[in-house]
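Report on the structure given below.
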Amino acid sequence: MAEIIRKIKGTEDIMPKESYKWQFLEGLMRSQAESYGFKEVRTPVFEQTSLFARGVGETTDVVQKEMYTFSTKGDDSITLRPEGTAGAARAFLEHSLHNDGLPSKQYYLTTCYRYEKPQAGRQREFHQFGIEVFGTGNPCADAEVICLINGLFNVLGLEKIRLEINSIGCPKCRSEYHRVLKEYFSKYKDKLCDTCLGRLERNPMRIIDCKSPVCSEIGKDAPKMLDYLCPECKNHFEKVKSYLDIAGIKYEINPSIVRGLDYYTKTVFEFVSDNIGAQGTVCGGGRYDGLIEELGGQSTPSLGCAMGIERLLILMEESGVEIPQPENADLYIASMGDDAQLRAFAICEEARKSGFSTQCDIVGRGLRPQMKYADKIGAKFSMVLGDSELEQGKAEIKNMETGEKKEVLLDDFTAGFSEIMIDYQTKQIADL
RNA sequence: GUGGGUAUAGCUUAGUUGGUUAAAGCGCCAGUUUGUGGCACUGGAGACCGUCGGUUCGAAUCCGACUAUCCACCCCA
């Protein structure tokens, strides 16, 4: 036997047993986004490498060591998208969407690719639900994005998720803050851990977040970004909070939230859970007022966020939130003999055209295995077709749960079966 | 990229101090009167015990390397 080819490390097959969960979530996400006036955008899986280098930021880990980058035959460098915002922003610019009126509100459900070591809640190919709002700097938009996501968690019945928000300011106030931070931590150079010594140059804000007891102790008294916000950023943050307050959304201010992508400014936020293993962030995002300009457009303040669907599923599993199973087949038609199989096939097609989910034997099995199959797929009703049914032109429809049988005329099958289904559904509703 | 755990049928596992045909349950397929599924019974398919090498008369079992996978760090959704 030939060797079985296996899936690539860090990728996951979503099998029929699981796919209904994805469909359910995707459906909810779409309707939630659409109720806020967002429209779907679909951009290519790959883009010019420079889009991410410029958009996400040359110095970020994502760009430096996690991208799937290839050369094409024409020697272009292309990259599988490591996140969704850059592509959406590029498309916004390329199609001059500002001419359609601002704000431009979009959502996407896509795969993203990062070359990382897989672990709980982290794959190399993963799925994101993301939303973007282009063309508004108003704090109300920040709150709207957060409300949309928060509403989604509420609908799903996920309660143990906390919203953490912060403001990392604009480039002006942030550089001032970095200077002050560096100054502060430099005093403890001999005590900081090795990773933090590196962070001191690259991103001093990360030190505050360090897990080492020594660093975090030092970090406790470090200057806070929020104290160094310029008046405009401070005002913006205050307004965001008051919108959240009036919407009744609970949040914690977490001064150590620092998003790892360069484009973020002002508001940043994360929806965090303790039930996903080490990867606690289910949804992360924030404002990126400089991104569109960075990509060659006019100044267009914008913001967005993205949710990891794999992480969401883990979280739902851990929280015991059940996803409704898909409906079983309405009818299974068993048959004995060639003539009956032929007729069963025809009736099956007829029933499907009337909107019933119907199956018949396509293997050529005996009656007993067919009935077993009908049971296994959870068919609501079954019907057996043999020579005598064909002769008499009628057959019995059996309720698989109660065993109760009712006769239908084969020539008028759809009408007969519809009646049975209506009865059945009426009873179902009555039971509720 | 750095650490740690794990590796026996599709799944969950057993396999006793190394001893010859590697077990079981679930699942799958078929049968137990071609005329009705769930229960029961019978049978069948399905594993070169992750791979390669070493120790040994003999390895699923001991040792080593590799690979895969999981978990964690880093970072992120």
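Note: relative contact order over chain A, using C-alpha pairs below 8 Å and six or more positions apart, is 14 percent.
The residues neighbouring A:Tyr373, those whose beta-carbon lies less than 11 Å from its own, together hold a net charge of +2 under the Lys/Arg +1, Asp/Glu -1 convention.
An oblate overall shape is assigned to the range A:115-274, the ratio a/c of its alpha-carbon gyration tensor axes (a ≥ b ≥ c) being 1.5 or greater and a/b not exceeding b/c. For the range A:232-276 versus the range A:57-131, the inter-centroid distance based on Cα atoms is 23 Å. Measuring max minus min along each principal axis, the C-alpha atoms of chain A give extents of 95, 57, 49 Å (largest first). Ranked for footprinting exposure by Cβ neighbours inside 10 Å, fewest first, A:Cys305, A:Cys348, A:Cys193 give A:Cys193, A:Cys348, A:Cys305. Calculated on the Cα set of the range A:331-423, radius of gyration then Dmax: 11.8, 32 Å. The lysines within cross-link reach of A:Lys21, meaning a Cα-to-Cα straight distance under 16 Å and a gap of 8 or more places when in the same chain, come to none at all.
Hydrodynamic estimate: the Kirkwood radius of the range A:182-295 over Cα pairs, inserted into Stokes-Einstein at 37 °C and 0.692 mPa s, corresponds to D of 205 µm²/s.
Bear in mind that the values in this text are calculations on the coordinates, not laboratory data. Bear in mind that the values here come from a model prediction, so they are computed numbers and not experimental data. In this analysis, Cβ positions are derived from the backbone assuming ideal geometry, glycine residues included, and neighbour counts consider all displayed protein chains.
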